[in-house]
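Working notes, structure below.
The values are calculated or read from the model by the stated rules, or taken from the named source; none is laboratory data. What you see is a predicted model; the values in this text were computed from it and never measured. Cβ sites come from the backbone with ideal geometry, for glycine too, and all protein chains shown count toward neighbours. SASA here: full protein model, heavy atoms, side chains in, ligands and nucleic acids out. Shrake-Rupley method; radii C 1.70, N 1.55, O 1.52, S 1.80 Å.
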Amino acid sequence: MEQKFYKFKSLNNIRWFIDILLNQRLYAAKYDEFNDPMEGHYLTSPSNIDLIHELKAKKENIRICSLTQDYKHTLLWSHYADGHHGCCIEVTLPCNTVSRVNYTDALPRISNFVSTEQLLSHKSLIWEYEKEYRVFSRSSFIDVKVTRVIFGMRVNKSDYDFYKKLIKSIDNTIRVNKITREEIFDGFNSQ
């Protein structure tokens, strides 16, 4: 079974945007490329030196694509889609490939080996608004099916018309629209 997920993007790098559409793929970053400086950190005894080295090596070999199921959230538009000057890309993925992030008020405490995916599925409560899901990969990209592109409220009409024509020329099955004020208010009320 497939589920819908969303990836917010700025339109400042048109090449990355077109790559997503043409190749039906999303970039998967290394954990230390994320904007949270505490990403991948944990607590353990300094005597667990072998475990520390093993986890470090494993974390460096895994890549992560972050997604959400909430395309209406005001902060997500502000932080990841250039303050409504960008877009939100709807994709479908098989459910079994996606892990939900666990939010906690403390770093995970590790005394023996846990899977790298488990370790990288924990974040501070301050990020809970993202309602994040993660896809873990060994490669730089994950395959997706782009089903819709939603443009921000601040994308002007001529840019919107240009992007819509571009998207339709690449794949006519992709739905294209701008988010409405009502959707934003609905998202605001559910936050």
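Using only the Cα atoms of the range 105-191, build the gyration tensor, take square roots of its eigenvalues as a ≥ b ≥ c, and label the shape rounded, prolate or oblate: rounded if a/c is under 1.5, else prolate if a/b is larger than b/c, else oblate.
Taking the square roots of the gyration eigenvalues as a ≥ b ≥ c, the range 105-191 is oblate.
Provide, in order from the shortest bin, the percent of all Cα-Cα pairs of the range 1-49 in each 5 Å bin, continuing until the bin that contains the maximum pair distance.
Percent of Cα pairs in each bin: 4, 13, 16, 18, 16, 12, 7, 5, 7, 2.
Looking only at Cα atoms, what is the convex hull volume of the chain per residue, in Å³?
Here the figure is 118 Å³ per residue.
Taking only C-alpha pairs under 8 Å that are 6+ residues apart, what is the relative contact order of the chain in percent?
With pairs under 8 Å counted, the relative contact order is 31 percent.
If the only charges are +1 at each Lys and Arg Cβ and -1 at each Asp and Glu Cβ, what is the size of the charge dipole of the chain around the Cα centre, to the nearest 20 debye?
Dipole of the chain, to the nearest 20 debye: 600 debye.
Give me the net charge for the shell around Ile170: Cβ to Cβ below 12 angstrom, other residues only, Lys and Arg +1, Asp and Glu -1.
+1
Roughly to the nearest percent, how much of the accessible area of the range 106-191 is carbon and sulfur, given a 1.4 Å probe?
54 percent
In the range 1-101, carbon and sulfur make up what percent of the accessible area (probe 1.4 Å)?
Roughly 53 percent, rounded to a whole number.
Residue separation times 0.36 nm, minus the C-alpha to C-alpha distance between Thr173 and Asn23: what's the value?
Here the segment from Thr173 to Asn23 would lengthen by 52.5 nm.
Roughly speaking, what % of Cα-Cα pairs in the range 57-164 are separated by over 25 Å, rounded to a whole number?
Summing the P(r) tail past 25 Å for the range 57-164 gives 33 percent.
Expected output is a single nm value to one decimal: the length gained when fully extending between Lys4 and Arg181, i.e. 0.36 nm times separation in residues minus the C-alpha distance. What is it?
So the chain would gain 61.6 nm between Lys4 and Arg181.
Tell me which DSSP H helices of the chain clear both cut-offs, 27 Å or more of axial length from alpha-carbon atoms and a mean Kyte-Doolittle hydropathy of at least 1.0.
Membrane-span-like by this criterion, though nothing is claimed about a membrane: none.
Taking the simple approach of a point 7 Å from Cα along Cα-to-Cβ for both Asn102 and Glu33, what is their distance in nm?
Here the answer is 2.6 nm between the modelled labels.
Which values, in whole Å and largest first, are the semi-axes of the equivalent ellipsoid of the range 54-108 obtained as the square root of 5 times each eigenvalue of the Cα gyration tensor?
26, 16, 13
Note down the Stokes-Einstein diffusion coefficient of the range 81-136 in µm²/s, whole number, using a Kirkwood radius over alpha carbon pairs, 20 °C, and 1.002 mPa s.
D = 160 µm²/s.
Taking K and R as +1 and D and E as -1, what net charge do the other residues with C-beta under 10 Å from the C-beta of Gly86 add up to?
Here the count lands on +1.
Please work out the average accessible area per residue across the range 135-191, using the 1.4 Å probe convention, and give it in Å².
62 Å²
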